[in-house]
Structures are given as C-alpha cells and as structure tokens.
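Structure, as structure tokens:
Values quoted throughout were computed directly from the atomic coordinates according to the rules given, and no laboratory measurement underlies them. Keep in mind that this is a model prediction, so the values were computed, not measured. Cβ: placed from backbone, ideal geometry, glycine included. Neighbour counts: every protein chain shown.
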Amino acid sequence: MIKKVVIVGGGTAGWMTAAALSRHLPKACQVHLIESDQIATVGVGEATIPAIRTFNAGLGIDEQEFMRETNATFKLGIRFQNWGELGEDYYHAFGFYGFPINDVSFHQYWMKMQQNSGAAPIHEYNMPYMASVFDKFEHKQFDNDSIASRYFYAFQFDAALYAQYLRKWSEAKGVTRIEGKVTEVSQHPDTGFIESVTLESGMRIEGDLFIDCSGFRALLMNQTLGIGYQDWSHWLPVNRAWAVSTAYENKDTPIPPYTRARALTGGWQWRIPLQNRTGDGNVFSEQFISEDQALDQLLENIEGKPMNEPRLLRFTTGKRDKIWHKNCVAIGLSAGFLEPLESTSIALIQGAILLLIRNFPNEDFDSATEHEFNRRMNIKYEESRNFLILHYHLTRRNDTDFWNYCRTMAIPDELKHRMDVFRHRGHTAHKNSDLFIEHNWLQVLFGQGMKPESYDPRVDVVEPQEVERLLSQMNKDVAQAAHAMPSHLETLAQYCAGDLISNRLSK
C-alpha cells in the first residue's frame with residue numbers, strides 16, 4: 001500500500017487533489033502538500049461546468065457555505081457573441097432542448113418542423129437558455145420529467161478563494177501543508193523513480209507517490225522526468241491572455257447567470273460575474289495581434305473600473321506526452337492546458353483526480369495501471385480539444401486574418417467525422433464518456449449556424465399535427481417557467497449571499 005503522497009504545488013489543482021485524496025484514501029495513507037508563498041498561482045480560471053458539483057458533493061461540501069466563502073454565483077451556460085458572424089449571439093446553456101418523442105431526440109422533430117416554419121427558434125425550447133436571457137435563476141435539482149427543471153448548473157467563483165477553502169477543509173481532514181520552495185528532486189539511480197524533494201530550507205521530504213501540481217513549470221514531470229509536450233497551437237492558436245478584476249459599475253448592474261465569451265479580432269474576451277466583482281480577460285494569439293493591442297482591446301471593452309493591474313499570461317495549448325510516468329502524476333497546468341474557452345481546466349483537474357483514485361497504485365506501480373490512466377486521460381483531453389476547435393472552425397467570419405485562419409485550418413479527423421455526421425442527419429456522434437455530450441454539441445452547432453441536410457427518418461412515424469401540438473406545448477411550458485423564475489440576484493440573496501449582495505437588494 002502507498003503510505004505517503006507528496007503533492008508539489010498548491011492552487012486549485014493542488015488543493016482539489018489534496019481534498020479528494022484525504023476524503024477517499026485510507027487514513028494510513030498520509031497526504032503532504034508543499035507550496036511556497038513566493039510562487040504565485042495563475043488564479044484566473046473562475047468559471048466551471050456542472051461536473052464541479054459532483055466533485056464538491058463527493059467531498060461532502062456544503063454548497064451554501066462554499067458559495068459564500070468563494071463569492072460564487074450560479075452559471076447556466078456561456079453566452080457567445082460574434083462567433084458565427086459579427087453581430088450574432090447564442091448561448092451554450094446547460095440543459096436539453098424540449099423532450100424526446102418516441103425515444104428520438106427533440107431536435108430531430110424541430111428540424112422537420114422548421115422546414116415548414118412550424119416551430120419557434122430552437123433556443124426557445126431550452127429552459128436555461130431562456131432563463132439566461134432574462135438574468136433569472138431558480139435553485140432546483142435536475143428533474144428529467146419536468147421541462148422547468150430539465151437543466152444543470154455550475155458555478156462562477158474566485159479560484160484563489162476556492163483553493164483557500166479547500167486548504168482549510170483538507171487540513172481539517174489531516175492533510176499536512178509544508179511551506180517552502182522545492183530546489184532539488186532526488187531519483188532512484190536505477191529505476192528513475194522520484195524518492196524525495198528538498199526545499200530551499202534544506203528540509204528533505206520523501207514519498208511513495210508524487211503529484212506534480214507545479215503549474216506550467218512542470219517541475220517534476222518535465223524538468224525532472226523529461227516528459228515532453230504535445231503542441232496543439234496549430235488547432236488552438238491563442239497563446240496569451242490579459243486578465244483583470246473589474247468592479248461593478250453600480251448597485252443596479254445585473255449579475256447574469258452565465259459567463260460571456262465575446263469574439264474579437266485576434267481571439268476573444270471573457271467576462272465572469274462573481275458576487276463582488278467580475279473577472280475579465282482577453283485571450284488572443286500574438287501571431288495575429290500584439291500584446292499591447294490586446295491590452296488596449298481589453299480595457300476598451302470592460303464595463304467597470306479595473307481593480308488591479310492587468311496580468312499577462314503566456315501559454316502553449318496542448319498536453320504532456322504522458323500524464324502519469326513512473327511514480328509521478330501531473331495534474332492541472334503541469335499536465336496540459338487547452339485554453340479558458342468552455343471552462344475545461346478545472347473539469348480536467350477533476351477528471352484526473354477521480355481517475356487516479358479509481359486506479360490508485362500499490363507500491364509496485366504496475367505498468368498496466370499507469371497505461372490505463374494515460375489512455376483515458378488522452379481521450380479526455382482530445383475530446384475536449386475537439387469541442388473547443390469546433391467553436392473556432394465553425395465561424396463564418398472573414399474580417400480578420402485570425403478568423404480566416406481558424407475557418408480554413410485543417411482539423412482532427414475525429415472532429416471532421418462528427419461534423420460530417422451532424423451535417424448529414426443531425427446526429428452528434430458523441431460518446432457517453434465525453435466531457436461534452438449531445439446537448440452541448442447541439443447548442444454550439446446550431447448556435448454557429450450549421451444546418452443538417454436531413455433528419456432522422458423515425459420522425460415521420462409521428463403525425464405532423466401531433467408533433468406540432470407537442471412542440472407548441474413545450475414552447476409554452478418553457479416560456480411560463482422562465483417567466484415565473486426569480487432573478488439570479490434574488491436567488492443569490494436568499495441562498496448564499498455575502499454582505500455585498502444583501503446590501504444591493506436593501507438599497
């Protein structure tokens with residue numbers, strides 16, 4: 001049995017790992033986390049997808065407390081502006097279109113009815129979409145039998161506060177935090193396994209399993225073990241980001257239940273609303289726009305006063321050749337980084353942690369376990385990568401060199417296959433193991449203007465008049481449910497508000 005796990009690096013990745021291991025491993029396995037106050041974390045990823053709720057629930061975290069401690073808001077999806085064409089607007093909302101009919105997906109019936117102008121726009125059958133448009137949110141658990149509850153939600157929170165919250169939680173469960181900067185890594189002379197790390201203070205820390213959460217430096221996985229990096233920037237060309245925190249303009253500024261991704265000339269700009277501020281940033285490719293120009297774009301487009309100096313991040317999209325090697329596992333930025341679009345970073349951290357726990361090694365470190373972990377993580381990264389590429393490649397914009405490149409670039413065969421399948425008959429060819437499944441793919445494909453050539457022939461089994469009746473009823477039910485929802489701000493105030501939210505409503 002592994003007796004001691006050493007996590008090198010804190011931040012979101014390190015403390016998520018520490019929390020999960022302390023929750024799911026026997027107490028006989030000690031968990032130590034080394035982090036240095038001298039080393040800043042990236043700390044700008046503040047939006048998530050619904051999988052984060054599964055992770056928090058697995059730890060037994062109280063959702064209301066967690067949201068108050070991290071200034072969190074609810075997230076129903078992402079609003080995309082100018083991605084298909086300039087002036088176009090759509091939402092990737094975390095929920096389904098309507099109900100299936102005779103076990104055939106709703107959108108297949110909608111496509112047929114659209115041919116005769118017998119259906120409303122498809123987003124009007126989507127509950128979280130309609131709620132997002134009106135800045136509404138009702139705290140409900142998913143109910144597959146109720147169109148008013150057939151949606152999921154995630155969170156928008158302060159990543160630094162989330163790491164602090166998990167640190168406090170983990171230390172209460174027995175995790176040992178060690179302050180210090182790693183200056184030396186010792187390996188076994190024959191096997192190459194990591195035996196210990198030495199801190200600047202001279203303190204030497206031994207371990208059986210080492211987790212590399214050292215960020216882009218990849219201190220253990222790359223600098224020590226020499227594992228290379230797959231560069232995916234020919235598919236995901238953005239490689240810089242300016243990030244800044246912004247104050248709300250006034251107490252009447254709405255807090256929307258979604259993240260915003262606004263396409264610009266050489267990339268895109270995010271806006272993430274928290275309870276006390278927003279997180280804003282410009283993600284761009286320095287091949288198509290300079291760092292200074294991108295900073296000017298960011299500051300021109302923010303809607304409130306900056307609260308700090310903008311920070312520049314440089315990165316290369318891609319992943320490590322191996323994420324588990326010998327007795328070391330990379331989690332977080334040390335394993336790879338796709339880019340902020342669609343909030344995949346924390347989800348991939350979560351996926352790696354849970355997969356590690358399922359395949360936790362014995363002290364013999366059987367190679368089959370390592371291989372299975374790497375195989376499945378490769379799939380997770382590649383499928384998430386393809387979903388992101390879809391957004392760029394599906395654009396119809398031709399107004400800048402950046403968008404011309406994205407529209408005409410060669411894409412992975414798997415993505416081309418999925419697009420071809422959808423173009424033929426509206427099927428998404430998704431796998432149940434995908435991070436993003438049918439309703440996620442549909443909203444981007446329809447949202448950015450791809451239209452299938454035909455529909456599933458099973459649709460014709462149901463009489464057109466019955467289909468029209470069912471669609472009309474679903475449309476009315478969604479509209480009524482959205483209208484009846486409280487505002488996002490009202491739900492925050494009732495469920496998890498800090499002082500700022502309460503003060504907003506009292507004035």
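Observations on the model:
- Three-way shape label, the stretch 169-269, alpha-carbon gyration tensor, a/c 1.5: oblate
- Under a 5 Å amide H cut-off, with hydrogens placed 1.01 Å from N, S196 pairs with S186 among residues at least 5 apart or on other chains.
- A Förster radius of 56 Å combined with the Cβ-Cβ distance from K3 to K476 puts the calculated FRET efficiency at roughly 0.35.
- For the stretch 92-149: rounded, prolate or oblate by the Cα gyration tensor [a/c cutoff 1.5]: oblate
- Karplus 3J(HN,Hα) series, Hz, for the stretch 347-364 with 6.51 cos²θ - 1.76 cosθ + 1.60 (x for Gly, Pro): 5, 6, 4, 4, x, 5, 4, 5, 5, 4, 4, 5, 10, 5, x, 8, 5, 7
- Label-point gap, in nm, between E372 and K305 - each point 7 angstrom along Cα→Cβ: 5.7 nm
- Using only Cα coordinates, the Kirkwood hydrodynamic radius of the stretch 240-313 works out to 12.4 Å.
- Between the Cα long axis of helix 413-425 and the first principal axis of the chain there is an angle of about 20°, rounded to the nearest 10.
- Each Lys and Arg Cβ is given +1 and each Asp and Glu Cβ -1; about its Cα centre, the chain then shows a dipole of about 360 debye.
- Rounded D (µm²/s) - the stretch 1-99, Kirkwood Rh over Cα pairs, Stokes-Einstein at 10 °C, 1.306 mPa s: 94 µm²/s
- Listed values for the stretch 336-341 are Karplus-derived 3J(HN,Hα) couplings in whole Hz (6.51 cos²θ - 1.76 cosθ + 1.60, θ = phi - 60°), namely x, 8, 8, 2, x, 4, and x replaces Gly and Pro.
- Calculated FRET efficiency for the pair H139/R23, C-beta based, R₀ 30 Å, to 0.05: 0.75
- Helix-only mean residue ellipticity at 222 nm for the chain, each DSSP H run of n ≥ 4 adding -39500 (n - 2.57), per residue, nearest 500: -11000 deg cm²/dmol
- DSSP loop GluC sites (Glu not before Pro) with at most 16 other Cβ within 10 Å: longest gap in the chain: 86-199
- For the stretch 106-116, Karplus couplings with θ = phi - 60° (6.51, -1.76, 1.60), whole Hz, Gly/Pro x: 3, 4, 5, 5, 4, 4, 5, 5, 4, 4, 10
- Counting Cα-Cα pairs of the chain in 20 Å increments starting at 0 gives whole-percent bin shares of 22, 54, 23, 1.
- Percent antiparallel among DSSP beta bridges (both partners in the chain, rounded to 5): 70 percent
- Spatial extent of the stretch 280-384: Rg and Dmax, with the Cα atoms as the point set, Å: 18.1, 57
- Positive-end extreme of charge dipole, the stretch 237-309 - chosen from Q275, P237, S285 (charges on Cβ): Q275
- Computed over the chain: relative contact order in percent, which uses C-alpha pairs under 8 Å that are six or more apart: 22 percent
- Short to long, the 10 Å bins of the Cα pair-distance histogram for the stretch 362-502 hold 9, 22, 23, 25, 17, 4, 0 percent of all pairs.
- G10 long-range amide H proximity, modeled H, under 5 Å: S36
- For L264, distant residues with modelled amide H under 5 Å away: Q269
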